[in-house]
Each structure stands twice: as C-alpha cells, then as structure tokens.
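Colleague: For reference, the structure I am asking about is given below.
Read the figures in this text as sums done on the coordinates, not as results from a lab. Only a predicted model underlies this, so the values are computations on that prediction, with no experimental measurement involved. For neighbour counting, all protein chains shown are included, and Cβ atoms are generated from backbone atoms with ideal geometry for every residue, glycine included.
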Amino acid sequence: MGDTIFSKIIRREIPADIVYEDDDVLAFRDINGQAPTHILFIPRKAVATLNDLDEADALLIGKLVLAATAYAKSQGFAEKGYRCVINCNEDGGQSVYHLHLHLLAGRRLSWPPG
Ligand code: AMP
C-alpha cells in the first residue's frame with residue numbers, strides 16, 4: 001500500500017485537528033465536514049480498505065468502532081444519534097486509501113445516501 005495523506009497525519013508531517021488518539025487509533029476532524037460534527041477515525045496500522053482486513057484485525061476494527069461510539073457519548077450526542085460510515089473502493093466513494101470510519105452528527109441525516 002502506498003503512502004497516503006492519512007499516514008502523513010499519523011506521522012505529524014501535515015497538520016490535522018486531532019480530537020482523540022490512543023495506541024491503535026487516531027481521530028481528527030474531516031477537512032471538508034458534511035455535518036456539524038464530522039470526525040475520521042483511522043487505525044495507525046496502514047490498512048487500505050475494508051477488503052484488506054482479516055481475522056487478525058478483528059480487535060483493531062472493534063477498537064475503531066468503540067473509539068467512535070465513546071467519542072459520541074463523550075460529546076453528548078450519542079442518544080440523539082449519529083452515523084458511522086466506511087466507504088470501500090470506487091463505487092463506495094472511497095478517496096483516501098487508508099481505512100477510515102466517518103462519524104457524522106449534529107443534523108438529521110437523510111437515507112438512502114447519494
Ligand atoms: P473517503 O471519501 O471515504 O475516502 O473520505 C476521505 C475523507 O478524507 C473526505 O471526507 C475528505 O474530506 C477527508 N480528508 C482528505 N484530506 C484530509 C485532511 N488532510 N484532513 C482531514 N480530512 C481530510
């Protein structure tokens with residue numbers, strides 16, 4: 001997998017508005033937010049897409065989801081609601097090939113997505 005802009009954020013080579021980090025996960029505000037709250041949760045491990053996860057990553061993907069839900073609770077919008085999205089490859093709308101979970105909140109989100 002090639003280097004991505006998110007790898008550069010992990011290495012602090014480019015700035016990001018980081019809101020959470022631990023040994024496995026980093027979270028920062030999306031530069032082009034689509035909701036009042038739009039945070040990207042990424043694993044420090046370089047995984048390109050959902051398709052590249054395997055059994056050994058079960059704990060990692062769980063930590064990614066739990067980091068997002070913990071953030072939602074800590075910010076007080078968990079009860080009202082939010083959306084978590086992971087886009088995969090071209091038809092899924094993925095543009096950065098470092099796995100990331102979008103956490104969107106702060107407005108009523110429509111369904112189905114575009
Ligand atoms: P996706 O289309 O699912 O791959 O999402 C990639 C997301 O990364 C988009 O929502 C972009 O706005 C966001 N993004 C791209 N570059 C940056 C950056 N330097 N800092 C924060 N978010 C970014």
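Colleague: Go through (1) more than 13 Å from the chain's Cα centre (by Cα); (2) within 12 Å of the ligand (Cβ to nearest atom) one by one and return the number of the condition ASP57 breaks.
Modeller: Of the numbered conditions (1) more than 13 Å from the chain's Cα centre (by Cα); (2) within 12 Å of the ligand (Cβ to nearest atom), the odd one out for ASP57 is (2).
Colleague: Can you name the condition, by its number, that ILE14 falls short on among (1) within 13 Å of the ligand (Cβ to nearest atom); (2) in contact with a helix residue (DSSP H, G or I) (Cβ under 8 Å, 6 or more places away or on another chain); (3) closer than 26 Å to GLY114 by Cβ?
Modeller: ILE14 satisfies every listed condition except (3).
Colleague: Let me ask you something else. If a residue counts only when it is touching a residue at least 12 places away in the same chain (Cβ under 8 Å) and among the basic types (Lys, Arg), which helices (runs of 4 or more DSSP H) contained entirely in the chain have at least 1 such residues?
Modeller: So the answer is 58-75.
For (1) of a type in the set (Asp, Glu); (2) within 16 Å of the ligand (Cβ to nearest atom), each residue gets a yes or a no:
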residue: LYS73; (1), (2): no, no
residue: GLU79; (1), (2): yes, no
residue: ASP91; (1), (2): yes, yes
residue: TYR97; (1), (2): no, yes
